[in-house]
């Protein structure tokens, strides 16, 4: 008998899979389910299939399901939540086969984000700042390595951070603190150079990380007053430092104006 885990058991693919399992009970059995946000359907599935684990998308949904299962005497079913719960559903030691019925947009957006980040890092970071003579073949290898590394970091974040909304706020925070000053000076300050840009980036990073980040378990090491908007302070510090350092170092590092791409850049 094949023992099955279903990721996305409340969706159309998940429902179709359960119908097949129901039609061939001598061949298939359900071991674990990841049910998303539909508490009522998850509850009915738990009563019907009695899985060892069932995971919900949120902690609130998981708690509601636990209460409903307790009423009908199924409190032995382990109810989990979030990404960590989904991972446990898929990696349960008794599972022989995993059906991934999660919405395609979730996985495709994740993949495209990793590909985009790897390409941007290789093109804007490595080729423009560190290794200008990088060939097409070398660039390809750098992109592949960066995608693997960024994918590993993204996987750790996905397992560690249980709230997509919290992660979204955190990344918006980084865009404001680190990238906004860089973009503003790149577009409107003709004297901005690499030394000024890197100085501003590291200064803003230091001031931002100094305030701590509970989402990643980073403690604060700078004693900011409780009411001080340290994120804004970090962004402004970078915005001020970039033009000052650029002008102070322009004799060693000449500014380079933005220009259209040429055939040699591709």
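The figures follow:
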| quantity | calculated |
| --- | --- |
| Among the candidates 207, 222, residue that is part of a helix (DSSP H, G or I) and not assigned by TED's automatic domain parsing to the domain that holds residue 81 | 207 |
| Flag for residue 215 being in a helix (DSSP H, G or I), more than 23 Å from residue 127 (Cβ to Cβ), modelled with pLDDT under 90 and within 22 Å of the chain's Cα centre (by Cα) | yes |
| So residue 228, is it surrounded by 13 or more Cβ atoms within 10 Å (Cβ to Cβ) and either modelled with pLDDT under 90 or over 22 Å from the mean Cα position of the chain (by Cα) (or both) | no |
| Tally of residues being more than 14 Å from residue 245 (Cβ to Cβ), out of contact with any helix residue (DSSP H, G or I) (no Cβ under 7 Å at 6 or more places or on another chain) and in a helix (DSSP H, G or I) across the stretch 168-204 | 11 |
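Here's the yes/no breakdown for (1) out of contact with any strand residue (DSSP E or B) (no Cβ under 6 Å at 6 or more places or on another chain); (2) under 25 Å from residue 200 (Cα atoms); (3) modelled with pLDDT of 80 or more:
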residue: 92; (1), (2), (3): no, no, yes
residue: 98; (1), (2), (3): no, no, yes
residue: 142; (1), (2), (3): yes, no, yes
residue: 165; (1), (2), (3): yes, no, no
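The values are calculated or read from the model by the stated rules, or taken from the named source; none is laboratory data. Computed from a predicted structure; not experimentally measured. All Cβ positions, even for glycine, are placed from backbone atoms using ideal geometry, and neighbour counts span all protein chains on display.
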